[in-house]
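This report concerns only the one structure given below.
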Amino acid sequence: MYECVLEAPGEIELQSEVLIVGGGVAGCAASIALARKGRIVTLIEREATPRHKVCGEFLSGEALEDLHGLGIDVSTLGAVSLGYVRLAAARRAAEAPLPFLAASLTRRALDTALIAEAIAAGVQVLRGRSVKSLTRTITGLWQATLEDGTSYVAPTAFLASGKHDLRGHGRPRDPHQWVAFKMYYRLSPTQTADLQGASELTLYSGGYGGIQPVEDGVANFCCVVKRHYFAQAGLRWEGLIARMQEDCPHLAMRLAGAEPQIDKPIAITHIPYGYLRRTTDEGLYCIGDQAAVIPSFTGDGISIALHTARCAVAAFTASESAPVFQAKLRSAMLPQMWLAEAAANGLNNPFARAILPFVLGAWPGAMRVTARLTRVTQPAVVLPQALAS
């Protein structure tokens, strides 16, 4: 047990070896792994209960492998198996089998299961508590100060706050001013059947979107657009979704007769795609979106969250310093990020959007190659029978 030392106003509540800020996929995964290794862990999450988030909710083979290792059987949560990917631009579409097993599951369902697993592993989980700052004390401990003035300290901290930056640990601003939206729809029976088993990427002049089935017969539509495209649509969701369907009639076909399942879309701005953290402070391991932000079209965000958490836990338990870990992680992920950025730039090119369906129609393998190259690793995985069959 470590002695807690408070060097700022507030009340110390708990003693821990590791403090984790953020209870999303990365934070929960790290907390579970650390607790199972006998570490005393405190996890602080700003949301009182898991909620829907702006996320494509695609689970690649490696993500499924990592979740299975954490004790999460997504098939029991209602996850939908995915077997192929489809790309649609204007009225044309091309598809190819995925080169790995994949599934889709809402973040609310996944986060609920991860939080429950963390608690079962012995993690002290504090929910509905927002961290105002994360700083080093003069004795070298990490101190998280909450909005109510309460403080928690530990020798080591994991920063897993996702898309929300903490003061003093911010990431660069997004030069392209991306805006992301997420909606759930219940599609018409015809469109539901046509989308079954597919992760579908739709292209338009200001960005791209993805639509795929999730549990309970619902489809997740998640899109990212440049702010100028959103502005041209009147800065209103109704105008934006109408313009996207005009740009991509395939999307209009897919959403014909669809019933929205939430009152309004979830939105987030300033997404620094291509970001890879260069370094960190001693004792502070940055994971998830705080370590790397890959373009959304790859569908590898959840996988990266799990991958960075697993690598950080391995580094910490092997006594590898946080700065060394962060530099190694960056070097390992650079090729993947470069390829993803190049592919994303191609999707935003008008000529590329026009010819891509023809190219992929003639060579479906190109999509499989791209899917392989933009993964963290290619898994060799043993999965629950419900997904593997």
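Near the amide H of V214, within less than 5 Å, lie the amide hydrogens of A219, N220, all on another chain or at least 5 residues away, with H placed in the peptide plane. Applying 1/(1 + (r/R0)^6) with R0 = 35 Å to the Cβ-Cβ distance of S133 and E246 gives a FRET efficiency near 0.15.
Kindly work out what percent of the DSSP beta bridges joining two residues of the chain are antiparallel, to the nearest 5. If you can, show how the numbers build up before the last one.
Working: 47 of 71 bridges.
Beta bridges within the chain, antiparallel portion: roughly 65 percent.
Global size of the range 200-253: 11.4, 35 Å for Rg and Dmax (C-alpha atoms, Rg to one decimal, Dmax whole).
Note on the chain: with a GNM built from Cα contacts shorter than 10 Å, the maximum mean-square fluctuation among R243, R173, R136 falls on R173. For the range 12-164, the Cα-based Rg and Dmax, in that order, read 18.1, 62 Å. Contact order for the range 105-168, expressed relative to its length and based on alpha carbon pairs under 8 Å spaced 6+ residues apart, stands at 23 percent.
Once the piece of chain linking A342 and Q232 is laid out straight, how much longer is it, given 0.36 nm per residue of separation minus the C-alpha distance between them? Could you put the intermediate results ahead of the total?
Details: separation 110, 0.36 × 110 = 39.60 nm, distance 2.58 nm.
Full extension of this stretch gives 37.0 nm more.
Under 37 °C and 0.692 mPa s, how fast does the range 179-268 diffuse according to Stokes-Einstein, given a Kirkwood radius computed over C-alpha pairs? Answer in µm²/s, whole number.
On the way: Rh = 13.1 Å.
Result for D is 251 µm²/s.
For the range 86-127, the calculated P(r), taken from all Cα-Cα distances in 5 Å bins from zero up to the bin holding the longest distance, is 5, 15, 15, 12, 11, 12, 8, 8, 8, 5, 1 percent.
Report, please, the projected area of the range 91-176 averaged over directions, based on the convex hull of its C-alpha atoms, in nm². The Cα convex hull of the range 91-176, projected and averaged over all directions, gives 10.8 nm².
Sorted by average packing, counted as other Cβ atoms within 10 angstrom per residue and highest first, what order do 20-31, 260-271 take? It would help to have the intermediate numbers written out before the result.
On the way: 20-31: 30.0, 260-271: 14.1.
Most protected by this proxy first, the peptides run 20-31, 260-271.
The equivalent ellipsoid that matches the C-alpha gyration tensor of the range 226-351 spans semi-axes of 37, 16, 13 angstrom, in descending order. Rolling a 1.4 Å probe over the protein chains gives S81 an accessible area of about 50 Å².
Inter-part distance, the range 60-138 to the range 148-226, computed on C-alpha centroids, equals 12 Å. For a paramagnetic label modelled on E147 (point 7 Å from Cα along Cα→Cβ), amide N atoms under 20 Å away belong, within the range 36-67, to 43-54.
The largest-to-smallest principal axis extents of the Cα set in the range 254-305 are 54, 22, 18 Å.
Where in the chain are the helices, taken as whole DSSP H runs, whose Cα atoms extend 18 angstrom or more along the long axis and whose Kyte-Doolittle mean reaches at least -1.0? Let's see the in-between values first.
Numbers: long enough: 107-120 (19 Å, 0.64); 301-317 (24 Å, 1.24); 322-347 (35 Å, 0.42); 350-362 (19 Å, 1.48).
Helices meeting the criterion: 107-120, 301-317, 322-347, 350-362.
Between A116 and S205, what's the calculated FRET efficiency when r is the beta-carbon distance and R0 is 45 Å? Round to 0.05.
Working: r = 43 Å, r/R0 = 0.95.
Once rounded, the FRET efficiency stands at 0.55.
Once the Kirkwood radius over Cα pairs is known for the range 115-163, the Stokes-Einstein relation at 25 °C and 0.890 mPa s delivers a diffusion coefficient of 203 µm²/s.
Take each of the peptides 53-59, 127-133, 252-258, 317-323, average the number of other beta-carbon atoms within 10 Å over its residues, and list them starting from the highest.
By packing density, highest mean first, the sequence is 53-59, 252-258, 127-133, 317-323.
Solvent exposure of the range 70-172 amounts to 40 Å² per residue of accessible area, where only protein heavy atoms count and the probe is 1.4 Å.
In the range 126-283, the alpha-carbon atoms span a convex hull of 161 Å³ per residue.
Quick one: compute the contact order of the range 5-144, relative version, from alpha carbon pairs under 8 angstrom and 6+ residues apart, as a percent. Each step should come with its number before you reach the end.
Details: 205 pairs, mean separation 43.9, N = 140.
Once divided by the residue count of the range 5-144, the mean separation gives 31 percent.
Note on the chain: Rg/Rh from Cα positions, Kirkwood definition for Rh, rounded to two decimals, is 0.98.
Report, as a whole number in µm² per second, the diffusion coefficient that Stokes-Einstein gives for the range 19-91 at 4 °C and 1.567 mPa s using the Kirkwood radius over alpha carbon pairs. The calculation lands on 88 µm²/s. Of the solvent-accessible surface of the chain, computed with a 1.4 Å probe and all protein chains present, 54% belongs to carbon and sulfur.
The values are calculated or read from the model by the stated rules, or taken from the named source; none is laboratory data. Quantities reported herein were computed from a predicted structural model and do not represent experimental measurements. For neighbour counting, all protein chains shown are included, and Cβ atoms are generated from backbone atoms with ideal geometry for every residue, glycine included. For the accessible areas, the whole protein counts, side chains as well, though only heavy atoms, and no ligand, DNA or RNA atoms are used. Shrake-Rupley method; radii C 1.70, N 1.55, O 1.52, S 1.80 Å.
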